[in-house]
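Read through the structure below, which is laid out as structure tokens, and then see the notes.
The values are calculated or read from the model by the stated rules, or taken from the named source; none is laboratory data. Keep in mind it's a predicted model, so treat the numbers as computed, not measured. Methodologically, a virtual Cβ is constructed for each residue, glycine included, from the backbone with ideal geometry; neighbour enumeration extends over all protein chains shown. When the accessible area is computed, the model is the full protein with side chains, heavy atoms only, and any ligands, DNA or RNA have been set aside. Shrake-Rupley method; radii C 1.70, N 1.55, O 1.52, S 1.80 Å.
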Amino acid sequence: MNSYRLLCVVVLAVACGMCINAVGAEKVIIAHRGASGYLPEHTLAAYAMAYAMGADYIEQDLAMTSDHVLICLHDTTLDATTNVAEVFPDRKREDGKYYPADFTLEEIRRLRTRERLPRRFPRETQLFQIPTFEEAIQLVQGLNASTGRDVGIYPELKDPSFYKEANLPFVETMLTVLAKYGYEGPEANIYIQCFSPSTLVYLREELKSTLPMIQLISDNAMLEELGFEKIAGYAQGIGPEKKCIEKDPSLVTRAHQAGLKVHPYTFRKEFVPKPYANVEEEMDAFLFKYDIDGGFADQPDKMKAVIDAHK
Ligand code: G3P
Ligand code: CA
């Protein structure tokens, strides 16, 4: 057994041992790129740790390989979170960057995932690989079977226009994979998220998907331009940058009036804005003063503690 697989087994064992009841309230904890505050983002280990910490949903950012396999990766490039430059020094594009869309899955398997941020998990490690989307789903569904919980998935279609231009079936393949694992219909335990309104509308109207969807929002102007009623025509909620709510707390009420959930991003203990003393204080204000329905957290255990303190 190689070290990567051994680590997965250990983390899974810890996951089963630590299992905590899912949060009963309607406020949901979304593990941002897994428990990315503790283990490198988008690794099976980070997903298992998030599961063990009581997350209600585990996020997967999606990218696609040249042979049409969906993998879990935040960027459209491999540079920031893998050792690609060392393994494939001759495969960068003219812009100096390495794109997963230029590599087969077999080649992606030769890479090792690295921590993105300083003062977190040691960066120079060979322990982790990039998982496929199917592997991420198998992990969550396997843990659901072994623990009796029902944790959902929260995939994000990252930069769909990039894959459209590359003639890769990014959006369609996601639906095929989801159907293979039983994610179909409005009651499925999933939210599909995307910044691109036209991609979500395409999913809803052209591909006839009835899965729950979240319109990601980068700034207040984008939200006002789109409009709550229009978003409610194709999505079940919005995922605004946290600053949007600080700037205009009324947007939570207005979203609720339109029947939309509000899941802002991203709470992380290393980047806490003023006036909050720590991320717990910030989470508490968003959850119980602004009344959001859940949020993306790099430290899902901290969000669980904040929610549990109100029970
Ligand atoms: O998907 C919500 C949030 O994760 C969006 O930001 O850049 O972390 O994917 P990002
Ligand atoms: Ca994301």
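Miscellaneous remarks
- Listed residue (L251, G294, A188) projecting farthest to the positive dipole end of the chain, Cβ model: G294
- Phi angles across the range 226-238 convert, under the Karplus curve 6.51 cos²θ - 1.76 cosθ + 1.60 with θ = phi - 60°, into 3J(HN,Hα) values of 5, x, 5, 5, 5, 4, 5, x, 9, 10, 9, x, 10 Hz, Gly and Pro given as x.
- For T76 and E26, the difference between the fully extended length at 0.36 nm per residue and the C-alpha to C-alpha distance is 14.7 nm.
- Within straight-line cross-link reach of K27, lysines at Cα separation under 23 Å, skipping those fewer than 8 residues along the same chain: K242, K243, K247, K261, K269, K289, K302, K304, K311
- Near G152, the amide H atoms lying under 5 Å from its own belong to Y57, I58; only residues 5 or more places off or on other chains count, and H is placed 1.01 Å from N.
- Around the Cα centre of the range 55-198, unit charges on the Cβ atoms of Lys, Arg, Asp and Glu (plus for the first two, minus for the last two) sum to a dipole of about 480 debye.
- Per-pair calculated FRET efficiency, R0 = 30 Å: S250 and E281 via Cβ, rounded to 0.05: 0.85
- Taken about its Cα centre, the chain carries a charge dipole of roughly 640 debye when the Cβ of each Lys and Arg holds +1 and the Cβ of each Asp and Glu holds -1.
- Inter-part distance, the range 248-290 to the range 48-86, computed on C-alpha centroids, equals 25 Å.
- Percent accessible area from carbon and sulfur atoms, the range 3-308, protein chains only, probe 1.4 Å: 52
- Debye, to nearest 20: dipole size of the range 74-156, +1 on Lys, Arg Cβ, -1 on Asp, Glu Cβ: 380
- Listed residue (F128, Y234, N220) projecting farthest to the positive dipole end of the chain, Cβ model: F128
- Per residue accessible area in Å² of the chain, where ligands, DNA and RNA are left out and the probe is 1.4 Å: 43
- For GluC sites (Glu not before Pro), the sites in the range 177-260 that DSSP calls loop and that have at most 11 other Cβ atoms within 10 Å are E187.
- Only lysines eight or more places from K180 in sequence, or on another chain, were considered; those with a Cα closer than 24 Å are K158, K164, K208.
- A crude spin-label estimate for the pair K289 and T104, with each label 7 Å from Cα along the Cβ direction, gives 5.5 nm.
- Measuring only protein heavy atoms, the 1.4 Å probe finds T253 accessible over about 80 Å².
- Extension gain from K274 to E224, taking 0.36 nm per residue of separation minus the Cα-Cα distance: 15.5 nm
- With the gyration tensor restricted to C-alpha atoms of the chain, the semi-axes of the equivalent ellipsoid amount to 29, 24, 19 Å, longest first.
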